[in-house]
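Read through the structure below, which is laid out as structure tokens, and then see the notes.
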Number of protein chains: 2
Amino acid sequence: MSVDAKTVKTLRDKTGAGMMDCKKALAETGGDMEKAILYLREKGIASASKKSGRATKEGRITTYIHPGDKLGVMLEVNCETDFVAKGEQFIEFTRDIALHIAAAAPSYLSRDDIPGDVLEQERSIYRTQALNEGKPENIVDKIVEGRISKFAAEVCLLDQPFVKDDKIKISDFIKNGIATFGENISIARFARFKVGE
Amino acid sequence: MSVDAKTVKTLRDKTGAGMMDCKKALAETGGDMEKAILYLREKGIASASKKSGRATKEGRITTYIHPGDKLGVMLEVNCETDFVAKGEQFIEFTRDIALHIAAAAPSYLSRDDIPGDVLEQERSIYRTQALNEGKPENIVDKIVEGRISKFAAEVCLLDQPFVKDDKIKISDFIKNGIATFGENISIARFARFKVGE
């Protein structure tokens, strides 16, 4: 089997192994990247902790520590060029999001990140609530979905109303940023630590 | 069923519900805290996003951003008193750990945090490696466990050699801190973000 040079290069970047070893690994595994990595590791050629180290996106890491040092936020915001990432206006933009996270304490980035069992438990609680309130069975499902949306607006960063301007959601703030900076912008991830929480 | 005042207070702190509601919820659920919270939520009395907000530990959040803003670290270090947490020497101590995390890129805090499936895959790789190297079957298990320890020293913060003094592990650096500050000290959690990784 012949292996194209680009795939070999990717495997070299990912594992730090030599070109001939990478070629052989890909040939033996039918060009499957994950299997080729495993092959190299089983041969003792690639090590576990070698990281690709090659960032495929631009962006910046921004942190915020609340006075008193008991609450901290860190987030990664991606954009398309280092030029935008290093601009003062973009830095301000990411700081606003960090301050929002400190104040609004989201648990998840987007609705897709809410674990299935959490959603199930919320649904079950809202169903019981609605029935306790004497709502007719045939509209309970609609009420439950409405309350799930409200729940998402409380716990998901992108669905939360922006603390600096509660007429828009964080997802709108991002959209405004895309228009302002003329590049695709997204929040990759965030962490919020409070001492003892 | 009678409910003691301390339990009622804890439930009030956790849910923000009134005292009579909390008493009733605990009575109805046999004093089970989790069930009582669920009960209050089903009655529409407690909301989902109410946090206890009561920190039970002291400590501080420390961040480090590598020049260029592409790599960031945040960690929570706990101690016993706010007096120690606010001291300049303790701040330096946590900064050293943040710098270590930036450089050494641990994936987990301790060996207990390595997911079971990751450990299983590593074991299977090391077994195949050892057999490929022609090691006799009867010593393969020992070799595998030795390599798992090496793996833990690569990926677990507490097992990593300290970058500022590689003769000691981070767990030893913490032990030294406990002796220096005269309080129990522990790393509660950390995050390390690199753009595009």
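GNM on chain A, alpha-carbon springs under 10 angstrom: the most fluctuating residue among A:Val140, A:Val163, A:Val84 is A:Val140.
How far is helix B:116-132 tilted off the main Cα axis of chain B, in degrees rounded to 10, range 0 to 90? Value to nearest ten degrees: 10.
Looking at the range A:4-111, which chymotrypsin sites (Phe, Trp or Tyr not before Pro) are in a loop (DSSP not H, G, I, E or B) and have at most 16 other Cβ atoms within 10 Å?
When the chymotrypsin sites (Phe, Trp or Tyr not before Pro) of the range A:4-111 are filtered for loop state and at most 16 Cβ neighbours within 10 Å, nothing remains.
Please check which bits of the range B:85-104 a label hung off B:Glu183 would reach, taking the label as a point 7 Å along Cα-to-C-beta and the cut-off as backbone N under 16 Å. Counting only backbone N, you get B:85-95. For the range B:17-31, backbone phi angles converted through the Karplus equation (6.51, -1.76, 1.60; θ = phi - 60°) give residue-by-residue couplings of 7, x, 5, 5, 4, 5, 4, 4, 4, 5, 5, 5, 10, x, x Hz, Gly and Pro being listed as x.
Placing a label point 7 Å from Cα along the Cα-to-Cβ axis, B:Gly16 is separated from the same position in the other copies by 5.0 nm, shortest listed first. A cut-off of 5 Å between modelled amide H atoms, ignoring neighbours fewer than 5 places along the same chain, links A:Glu80 with A:Asn184.
The calculated 222 nm mean residue ellipticity attributable to helices in chain B amounts to -16000 deg cm²/dmol, summing -39500 (n - 2.57) over DSSP H runs of n ≥ 4 and dividing by all residues.
Is the shape of the range A:20-162 best called rounded, prolate or oblate, per the rule: a/c under 1.5 gives rounded, else a/b larger than b/c gives prolate, else oblate, with a ≥ b ≥ c the square roots of the Cα gyration tensor eigenvalues? Here the range A:20-162 falls in the oblate category. 3J(HN,Hα) along the range A:81-94: 10, 5, 4, 5, 4, 8, x, 4, 5, 5, 4, 4, 4, 6 Hz, from the Karplus curve 6.51 cos²θ - 1.76 cosθ + 1.60 with θ = phi - 60°, whole Hz, x for Gly and Pro. Excluding ligands, DNA and RNA and using a 1.4 Å probe, chains B and A jointly bury around 4100 Å² of accessible surface, summed across both partners. Rounded to the nearest 10 degrees, the inclination of helix A:33-42 to the longest alpha-carbon principal axis of chain A is 60 degrees. In this simple spin-label approximation, A:Lys150 and B:Met19 carry label points 7 Å from Cα along the Cα→Cβ vector, and these lie 2.8 nm apart.
Phi angles across the range B:100-110 convert, under the Karplus curve 6.51 cos²θ - 1.76 cosθ + 1.60 with θ = phi - 60°, into 3J(HN,Hα) values of 4, 4, 4, 6, 9, 6, x, 9, 9, 6, 9 Hz, Gly and Pro given as x. Global size of the range B:83-176: 16.9, 58 Å for Rg and Dmax (C-alpha atoms, Rg to one decimal, Dmax whole). When the Cα positions of A:Leu119, A:His100, A:Pro136 are compared along the charge dipole of the range A:93-137, A:His100 comes out farthest toward the positive end, with charges on each C-beta of Lys, Arg, Asp and Glu.
With each label modelled as a point 7 angstrom along the Cα→C-beta vector, the A:Asp113-A:Lys135 pair spans 2.8 nm. Helix A:137-155 versus the longest principal axis of chain A: what angle, 0 to 90°, nearest 10, using Cα atoms? Result, in degrees: 60. Within the set A:Lys57/A:Lys169; A:Lys70/B:Lys86; A:Lys43/B:Lys167; B:Lys9/B:Lys35; A:Lys57/A:Lys167; A:Lys24/B:Lys194, which residue pairs have Cα atoms separated by over 20 Å? Long pairs (Cα-Cα over 20 Å): A:Lys57/A:Lys169; A:Lys43/B:Lys167; A:Lys57/A:Lys167; A:Lys24/B:Lys194. Shown are B:Met33, A:Met20, B:Met74, whose ranking by accessible area with a 1.4 Å probe and every protein chain present, most to least, is A:Met20, B:Met33, B:Met74.
I need the shape label for the range B:78-118. Rule: rounded when a/c is under 1.5, else prolate if a/b > b/c, else oblate, with a, b, c from the alpha carbon gyration tensor. It would help to have the intermediate numbers written out before the result.
Numbers: a/c = 6.43, a/b = 1.89, b/c = 3.40.
In terms of gyration-tensor shape, oblate.
Could you calculate, for the protein assembly as shown, the ratio of the Cα radius of gyration to the Kirkwood radius, expressed as Rg to Rh?
Working: Rg = 25.3 Å, Rh = 24.7 Å.
Computed over Cα atoms, the ratio is 1.03.
The values are calculated or read from the model by the stated rules, or taken from the named source; none is laboratory data. Keep in mind it's a predicted model, so treat the numbers as computed, not measured. All Cβ positions, even for glycine, are placed from backbone atoms using ideal geometry, and neighbour counts span all protein chains on display. Surface accessibility is based on the protein's heavy atoms, side chains included, excluding ligands, DNA and RNA. Shrake-Rupley method; radii C 1.70, N 1.55, O 1.52, S 1.80 Å.
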